[in-house]
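J.: Structure below; questions to follow.
The values are calculated or read from the model by the stated rules, or taken from the named source; none is laboratory data. Fair warning: this is a prediction, and the values are worked out from it, not measured in the lab. Methodologically, a virtual Cβ is constructed for each residue, glycine included, from the backbone with ideal geometry; neighbour enumeration extends over all protein chains shown.
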Amino acid sequence: MDDRFDRRELLLHLGDVLEAMRNVGATQSFSPVAHLASREPSLQALPFLQQMSPSIRARDFLERAASAYASWPKALLETELDRIGLAATVQRELFADDPQGWASYAAYVRQKVSWFGLELDNTTLASTRSNKRDDENGRTSSMPAMKTGWPWNPIA
């Protein structure tokens with residue numbers, strides 16, 4: 001599969017995230033990122049910041065974004081692109097408690113990379129359905145809904 005253009009777009013997005021981190025770091029650390037993104041000229045050019053939950057403050061964004069995107073450079077250079085892993089780290093670190101924000105963010109990235117987050121959305125939906133079924137039957141699942149990313153990647 002020739003995914004070099006998708007890799008390029010994700011690398012450009014990573015650059016935007018790094019720029020956002022630099023610019024957010026120069027603002028008030030206790031202000032919500034979405035609020036800063038709507039009023040700071042340096043952040044208005046980065047529309048994905050407006051999808052952040054209003055509860056994420058600037059200092060939290062810096063920490064979470066570093067964790068969410070730390071694996072991207074290496075992952076984008078791997079022979080096989082781990083599509084689920086790329087999306088899962090971002091969802092887990094930045095949108096774990098904000099499904100609507102995740103949907104908006106994933107749709108934003110999909111403007112350039114058509115598959116971004118789709119497999120993760122389907123996997124998450126399937127695990128949510130099975131967990132709800134367990135709850136309806138009075139049981140709870142002893143296994144987490146989904147394990148993604150290292151070290152759970154399938155060995156080729």
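J.: Run Ala87 past the list (1) of a type in the set (Gly, Ala, Ser); (2) buried (at least 21 other Cβ atoms within 10 Å of the Cβ); (3) modelled with pLDDT under 95 and report the number of the one that doesn't hold.
T.: Unmet for Ala87, out of (1) of a type in the set (Gly, Ala, Ser); (2) buried (at least 21 other Cβ atoms within 10 Å of the Cβ); (3) modelled with pLDDT under 95: (3).
J.: Right, next: Regarding Ala96, is this residue hydrophobic (A, V, I, L, M, F, W, C) and more than 14 Å from Pro32 (Cα to Cα)? First the steps, then the outcome.
T.: Details: hydrophobic (A, V, I, L, M, F, W, C): yes; more than 14 Å from Pro32 (Cα to Cα): yes.
Spelling it out, Ala96 is indeed hydrophobic (A, V, I, L, M, F, W, C) and more than 14 Å from Pro32 (Cα to Cα).
J.: Going by the conditions given, is Ala75 crowded, with 19+ Cβ neighbours inside 10 Å, closer than 24 Å to Asp3 by Cα, in contact with a helix residue (DSSP H, G or I) (Cβ under 7 Å, 6 or more places away or on another chain) and without any contact (Cβ under 8 Å) to a residue 40 or more places away in the chain?
T.: Yes, satisfied.
J.: Name the residues in region 63-72 that are among the aliphatic types (A, V, I, L, M) and crowded, with 16+ Cβ neighbours inside 10 Å, would you? Please lay out each step first, then the result.
T.: So the first thing to find is which residues in region 63-72 are among the aliphatic types (A, V, I, L, M), and the list is 65-66, 68, 70.
Ala65, Ala68, listed by residue number.
J.: How many residues are at pLDDT 95 or above and exposed (fewer than 13 other Cβ atoms within 10 Å of the Cβ) when one looks only at region 19-62?
T.: Count: 1.
J.: Could you count how many residues in region 46-91 are assigned to a helix (DSSP H, G or I) and over 18 Å from Phe116 (Cα atoms)? Spell out how you get there, then give the answer.
T.: The initial filter retains those residues of region 46-91 that are assigned to a helix (DSSP H, G or I), namely 47-51, 58-69, 72-77, 83-91.
With over 18 Å from Phe116 (Cα atoms) added as a condition, the list becomes 50, 58-64, 66-67.
Qualifying residue count, region 46-91: 10.
J.: When only residues in region 4-60 that are among the aromatic types (Phe, Trp, Tyr) and over 16 Å from the mean Cα position of the chain (by Cα) count, which is nearest to Ala106 (Cα to Cα)?
T.: In the first step, residues of region 4-60 are kept if they are among the aromatic types (Phe, Trp, Tyr); the result is 5, 30, 48.
So of that shortlist, the ones also over 16 Å from the mean Cα position of the chain (by Cα) come out as 5, 30.
Details: Phe5: 18, Phe30: 26 Å.
The selected residue is Phe5.
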